[in-house]
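*Asks:* Mind looking over this structure? Questions follow.
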Amino acid sequence: MFAGFDFDVLIKSLPFLWLGMQLTLQLTVLAVGGGLILGTVLAVIRLSPIKPLSMAVAAYVNFLRSMPLILVIFWFYTLIPRVTGTSVSSFYSVLIAFIMFEAAYYSEIIRAGISSVRRGQISAALALGLTPPQAMRYVVLPQAVRNMIPVLLTQSIIMLQDTSLVYVVGLRDFLTSAEIVAGRDNRPIELYLTVALVFLVVCFSASRLVNLMRRRYSL
Amino acid sequence: MIEVKNVSKWYSSFRVLDNCSLAIAKGEVVVICGPSGSGKSTLIKCINGLEPFTQGSIAVDGISVGDRSTNLPKLRARIGMVFQNFELFPHMTARQNIMLAQQKVLNRDNAAADRKAQELLDRIGLADHAGKYPAQLSGGQQQRVAIARALAMDPIAMLFDEPTSALDPEMITEVLDVMVRLALDGMTMAVVTHEMGFARKVAHRVVFMDQGTIVEDAPKEEFFGTPRSERAQQFLSKILQH
């Protein structure tokens with residue numbers, strides 16, 4: 001089966017594929033980072049005793065989580081120019097869509113992580129004179145993060161895989177680039193096997209990296 | 001120093017505290033005992049505002065705890081508290097546990113906080129364990145670090161909420177030793193405990209609670225000699241049986 005495996009095609013299209021990979025990685029890193037920040041804010045609001053705020057966040061989270069990601073991408077692509085009146089590049093419209101979408105998922109993971117920290121830890125922090133935000137920042141969140149890391153990693157890997165959806169707004173991510181080459185040179189087996197291998201390597205190294213960090217910082 | 005006046009607390013229709021009054025003078029050691037569910041822990045947590053109360057007033061060093069305008073974090077920083085389950089921060093070493101609030105609340109610089117931590121670890125006999133995480137320490141060691149963590153804030157009073165009831169018997173003594181020394185040094189202390197040996201040794205007064213009320217508040221000699229209430233007598237005979 002591999003007798004006719006054409007490595008030449010791969011080598012020649014490497015720069016092109018690397019361009020796609022850069023977009024995929026850029027989108028993943030920015031969306032995961034932005035999603036984590038926004039998700040943390042949403043989780044804290046959701047857990048706050050201010051009812052209208054926490055209910056608004058709950059509605060946002062439940063709404064976005066019931067939507068297919070591709071629909072959210074379409075929305076922001078058509079919505080943002082209309083709302084702001086200026087045209088936004090495809091890249092930024094999908095980035096915002098990803099961040100808003102991921103934040104909904106991350107906020108649920110973070111909320112569960114925060115709730116998993118024993119109530120007594122907060123009491124102890126407050127009893128020392130820390131303010132509630134300080135108790136959250138120095139005592140609760142570091143412990144919550146430790147509990148959340150495996151699920152956050154899984155969610156981020158899904159995010160990496162989902163970047164391939166950006167082809168719907170005309171962006172060329174890694175998979176889309178590979179598809180273009182595969183069609184152009186009629187070498188689907190070479191390209192799609194390579195894509196699978198690369199995804200495998202990226203995900204595997206990401207999970208090793210996180211494990212290493214956990215041990216390094218004794219999380 | 002600590003003044004609890006006619007404090008009541010309801011959880012919906014269930015009354016946890018019923019018109020409790022208690023005064024603790026500077027340098028006084030008061031032991032609070034009673035059957036489980038009698039409200040002792042709730043009462044002591046009301047003193048630093050960890051538990052809100054429904055009625056009455058509590059003042060610490062003249063500052064009203066229940067008052068909305070009171071800066072609770074500032075007041076709590078001056079009252080040390082030790083919990084039944086230690087509640088050391090598991091992601092920090094013993095030293096970091098003792099340094100955190102010194103730096104974030106009292107704004108002490110790194111060197112000053114570290115010096116204080118080392119000095120206290122020395123005092124509780126754990127100088128060699130400064131770099132260990134709570135999970136690497138025994139229960140008794142964890143509770144001693146928790147006491148040091150509270151003392152690092154130079155508190156005007158210390159609250160202990162059943163500090164030895166989560167400990168194995170052989171570790172109780174090492175914690176009580178630290179507390180006895182603290183009491184002899186003149187610290188103002190409110191201690192919820194069933195350790196009557198500790199009460200006999202250093203308490204000035206013993207308070208007995210049952211079903212949310214303070215049934216008896218008597219000098220130690222009187223309490224152990226002839227408790228006036230029948231319920232206190234029953235309680236004492238039960239816990240001193242063995």
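The values are calculated or read from the model by the stated rules, or taken from the named source; none is laboratory data. What you see is a predicted model; the values in this text were computed from it and never measured. Reconstructed Cβ throughout: ideal geometry from the backbone, glycine too, with neighbour counts over all protein chains shown. All accessible areas refer to the heavy atoms of the entire protein, side chains included, with ligands and DNA or RNA removed. Shrake-Rupley method; radii C 1.70, N 1.55, O 1.52, S 1.80 Å.
*Asks:* Quick one: dipole size for the range A:7-218, taken about the Cα centre, charges +1 on Lys/Arg Cβ and -1 on Asp/Glu Cβ, in debye to the nearest 20. Each step should come with its number before you reach the end.
*Replies:* Working: 17 positive and 8 negative charges, 184 e Å.
For the range A:7-218, the charge dipole is close to 880 debye.
*Asks:* Quick check: residue separation of residue A:154 and residue A:193 times 0.36 nm, minus the Cα distance between them. What number comes out in nm? Mind showing how you got there, number by number?
*Replies:* Working: separation 39, 0.36 × 39 = 14.04 nm, distance 2.25 nm.
Full extension of this stretch gives 11.8 nm more.
*Asks:* Ignoring ligands, DNA and RNA, how much accessible area is buried between chains A and B, both sides summed, with a 1.4 Å probe, to the nearest 100 Å²? Don't jump to the answer; show the numbers that get you there.
*Replies:* Values: alone 12700 and 11420 Å², together 22390 Å².
Using a 1.4 Å probe, the pair buries roughly 1700 Å².
*Asks:* Which residues of the range A:121-141 show a drop of at least 10 Å² in accessible area when all protein chains are present, compared with their chain alone (probe radius 1.4 Å, heavy atoms only, ligands and nucleic acids excluded)?
*Replies:* Listed by number, the residues meeting the 10 Å² cut-off are A:121, A:123, A:124, A:126, A:127, A:128, A:129, A:130, A:131, A:134, A:138, A:139.
*Asks:* A further question on this structure: How large is the Kirkwood hydrodynamic radius of the protein assembly as shown, in angstrom, based on all distinct alpha carbon pairs?
*Replies:* 26.2
*Asks:* Heavy atoms of the protein only, probe of 1.4 Å, neighbouring chains included. What is the accessible area of residue A:153 in Å², nearest 10?
*Replies:* Looks like 40 Å² after rounding.
*Asks:* Leaving ligands and nucleic acids out of the surface, order A:98, A:16, A:63, A:76 by accessible area at 1.4 Å, largest first.
*Replies:* Details: A:98 0, A:16 60, A:63 105, A:76 35 Å².
Correct descending sequence by accessible area is A:63, A:16, A:76, A:98.
*Asks:* Hey, another quick one. Over the protein assembly as shown, with every protein chain in place, what whole percent of the accessible area is carbon and sulfur at 1.4 Å, could you tell me? Write out the running numbers ahead of the final one.
*Replies:* Working: 12980 of 22390 Å².
For the protein assembly as shown, the apolar C and S fraction of the accessible surface comes to 58 percent.
*Asks:* Order these peptides, B:79-85, B:208-214, A:154-160, by their mean beta-carbon neighbour count within 10 angstrom, highest first.
*Replies:* Numbers: B:79-85: 24.1, B:208-214: 21.9, A:154-160: 18.3.
Order by mean packing, descending: B:79-85, B:208-214, A:154-160.
*Asks:* Full extension from residue B:112 to residue B:168: what is 0.36 nm times the residue separation minus their Cα-Cα distance, to one decimal in nm?
*Replies:* Difference between extended and current length: 16.7 nm.
*Asks:* Compute accessible area for the range B:93-113 by itself and then with all protein chains, 1.4 Å probe, and report residues whose area falls by 50 Å² or more.
*Replies:* Hits at the 50 Å² cut-off: B:104.
*Asks:* Residue A:77 accessible area, nearest 10 Å², 1.4 Å probe?
*Replies:* Using a 1.4 Å probe on the heavy atoms, I get roughly 90 Å².
*Asks:* Run the dipole for chain B about the Cα centre, Lys and Arg Cβ at +1, Asp and Glu Cβ at -1, nothing else charged, and hand back the magnitude in debye, nearest 20. Don't skip to the end; give the middle numbers.
*Replies:* On the way: 27 positive and 27 negative charges, 102 e Å.
Using only the charged Cβ atoms, the result is roughly 480 debye.
*Asks:* Quick one: work out the % antiparallel among DSSP beta bridges in the protein assembly as shown, nearest 5.
*Replies:* Around 55 percent antiparallel, to the nearest 5.
*Asks:* Using only atoms on other chains, find how many Cβ atoms lie within 10 Å of each Cβ of peptide B:68-79 and report the average.
*Replies:* Details: counts 0, 0, 0, 2, 4, 9, 2, 1, 7, 4, 1, 3.
Mean partner-chain Cβ count within 10 Å for B:68-79: 3.
*Asks:* Using a 1.4 Å probe on the protein heavy atoms only, what accessible surface does residue A:172 show? Give it in Å² to the nearest 10.
*Replies:* For residue A:172, the solvent-accessible surface is approximately 130 Å².
*Asks:* Next up: State, to one decimal in nm², a quarter of the convex hull surface area for the C-alpha atoms of chain B, i.e. the direction-averaged projected area. The partial results should precede the final answer.
*Replies:* On the way: hull surface 53.1 nm².
Taking a quarter of the hull surface, the average projection is 13.3 nm².
*Asks:* Would you calculate the volume per residue, in Å³, of the smallest convex hull containing every Cα atom of the range A:7-218? Don't skip to the answer; put the middle values down first.
*Replies:* Numbers: hull volume 30.1 nm³, N = 212.
Measuring per residue, one finds 142 Å³ for the Cα hull of the range A:7-218.
*Asks:* With only Lys, Arg, Asp and Glu charged, each at its Cβ (+1 for the first two, -1 for the last two), find how big the charge dipole of the protein assembly as shown is about the Cα centre; round to the nearest 20 debye. Could you put the intermediate results ahead of the total?
*Replies:* Details: 44 positive and 36 negative charges, 115 e Å.
That gives a dipole near 560 debye.
*Asks:* Separate question: Can you give the accessible area per residue of chain B, in Å², using a 1.4 Å probe? Walk me through the intermediate numbers first.
*Replies:* Values: 10570 Å² over 242 residues.
That works out to 44 Å² per residue.
*Asks:* Please compute, for the alpha-carbon atoms of the range B:154-242, the extent along each of the three principal axes and give them in descending order in Å.
*Replies:* Computed over the range B:154-242, the largest-to-smallest principal extents equal 38, 29, 24 Å.
*Asks:* Taking the inverse of the average 1/r across all pairs of different Cα atoms in the range B:1-109, what Kirkwood radius in Å do you get?
*Replies:* Numbers: mean 1/r = 0.0643 Å⁻¹.
The Cα-based Kirkwood calculation yields 15.6 Å.
*Asks:* Averaged per residue, what accessible area in Å² does the range A:7-218 show with a 1.4 Å probe, protein chains only?
*Replies:* Numbers: 11210 Å² over 212 residues.
On a per-residue basis, the range A:7-218 sits at 53 Å².
*Asks:* Between residue B:71 and residue A:19, how high is the FRET efficiency from 1/(1 + (r/R0)^6) when r is the Cβ-Cβ distance and R₀ = 45 Å? Nearest 0.05.
*Replies:* Working: r = 57 Å, r/R0 = 1.27.
Working from the Cβ atoms, E equals 0.20.
*Asks:* Summing -39500 (n - 2.57) over the DSSP H runs of n ≥ 4 in the protein assembly as shown and dividing by its residue number, what mean residue ellipticity at 222 nm do you reach, to the nearest 500 deg cm²/dmol?
*Replies:* -18500 deg cm²/dmol
*Asks:* Oh, and also: Near residue B:230, within a Cβ-to-Cβ distance under 12 Å, what is the net charge of the other residues, with Lys and Arg +1 and Asp and Glu -1?
*Replies:* It works out to a net charge of 0.
*Asks:* At a Förster radius of 22 Å, what calculated FRET efficiency corresponds to the Cβ-Cβ distance of residue B:132 and residue A:215, to the nearest 0.05?
*Replies:* Working: r = 17 Å, r/R0 = 0.77.
Rounded to the nearest 0.05, the efficiency is 0.80.
*Asks:* Using 0.36 nm times the number of residues separating residue B:55 and residue B:5, minus their current alpha carbon distance, what extension gain do you get?
*Replies:* On the way: separation 50, 0.36 × 50 = 18.00 nm, distance 0.92 nm.
Fully extending the segment from residue B:55 to residue B:5 adds 17.1 nm.
*Asks:* Given labels modelled 7 Å from the Cα in the Cβ direction, how far is it in nm from residue B:180 to residue B:78?
*Replies:* 3.2
*Asks:* Please build a GNM for chain B, connecting alpha carbons under 10 Å apart, and tell me which residue among B:196, B:99, B:153 fluctuates the most.
*Replies:* Fluctuation is largest for B:196.
*Asks:* Could you work out the per residue convex hull volume over the alpha carbons of the range B:54-124, in cubic angstrom? Before the final figure, lay out each step's value.
*Replies:* On the way: hull volume 10.1 nm³, N = 71.
Convex hull of Cα atoms, per residue: 142 Å³.
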